[in-house]
Amino acid sequence: MDTKIVLLGGNSHENKDWIERISRLLPVPTHTVVYKHWKNNAQLINLDAESLRLEQLKPAVVFAKSAGILVTLKGVFERKIAPTYCIFAGVPLHWSEKNNFPLLQWLMKWNIPTTFIQNSHDPTCSAEELKELLNECQVKNHKLTTLRGETHDYPVEEVVNSIKEHV
């Protein structure tokens with residue numbers, strides 16, 4: 001059976017088209033999670049509901065952006081999922097703090113092989129801040145790829161190439 005990659009976008013509904021473009025460009029089967037709050041126009045993702053949905057998918061490989069990273073971290077922390085590899089783009093440190101999501105607790109001693117992709121000056125967490133955070137949380141088995149950028153937007157092509165390296 002081919003590797004199925006589960007794709008999770010960020011919090012805002014604008015991420016839906018972006019994550020679907022990534023799915024179409026990947027040469028392996030994927031499952032794109034469409035968050036419930038995108039359908040009912042709620043402002044904030046329900047991490048409990050989405051981590052339960054992720055648990056049902058039993059992902060081997062996860063690609064997640066921003067809030068999708070939090071869904072994945074929570075699922076692993078609660079031992080609901082055990083992916084063999086993760087690719088995370090745009091860790092939302094400041095946004096998670098603002099919304100009282102315990103990112104640091106979930107990231108503490110993370111040891112699933114993971115590629116982190118972070119823009120150098122992402123306003124939700126710069127690449128330098130992420131590097132310090134990964135060290136502080138004693139994250140093992142990771143690679144940090146820094147992209148030039150001052151936004152929380154991540155180029156589809158760069159993300160797809162990074163995912164292709166691991167499938």
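Nothing in this text is a laboratory measurement; each read-out follows from the coordinates by a stated rule. None of the values given here were measured: they were computed from a predicted structure. So basically every Cβ, Gly included, is an ideal-geometry build from the backbone, and we count neighbours across all protein chains shown.
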Between 33, 91, 71, find the one with the highest GNM mean-square fluctuation for the chain; connect C-alpha pairs within less than 10 Å.
33
Most fluctuating residue given options 75, 149, 90, as computed from a GNM of the chain linking Cα atoms under 10 Å:
149
Quote the relative contact order of the chain in percent (integer), defining contacts as alpha-carbon pairs under 8 Å separated by 6+ residues.
20
Can you list the lysines whose alpha carbon is less than 23 Å from that of residue 74, not counting same-chain residues fewer than 8 positions off?
4, 16, 36, 39, 58, 65, 98, 109, 131, 140, 143
What is the Cα centroid distance between the stretch 107-161 and the stretch 46-68, reported in whole angstrom?
18
Can you tell which of 151, 115, 30 shows the greatest fluctuation in a Gaussian network model of the chain with Cα springs below 10 Å?
151
Over the chain, what number does the Rg to Rh ratio reach, with both radii from the alpha-carbon atoms and Rh per Kirkwood?
0.92
Proximal charge balance of residue 134 [Cβ under 15 Å; K/R count +1, D/E count -1]:
-1
Between residue 143 and residue 80, what FRET efficiency comes out of the Förster formula 1/(1 + (r/R0)^6) with R0 = 25 Å and r the beta carbon distance, rounded to 0.05?
0.50
Determine the gain in length on full extension of the stretch residue 42-residue 25; use 0.36 nm per residue of separation and subtract their C-alpha separation, reporting nm with one decimal.
3.2 nm
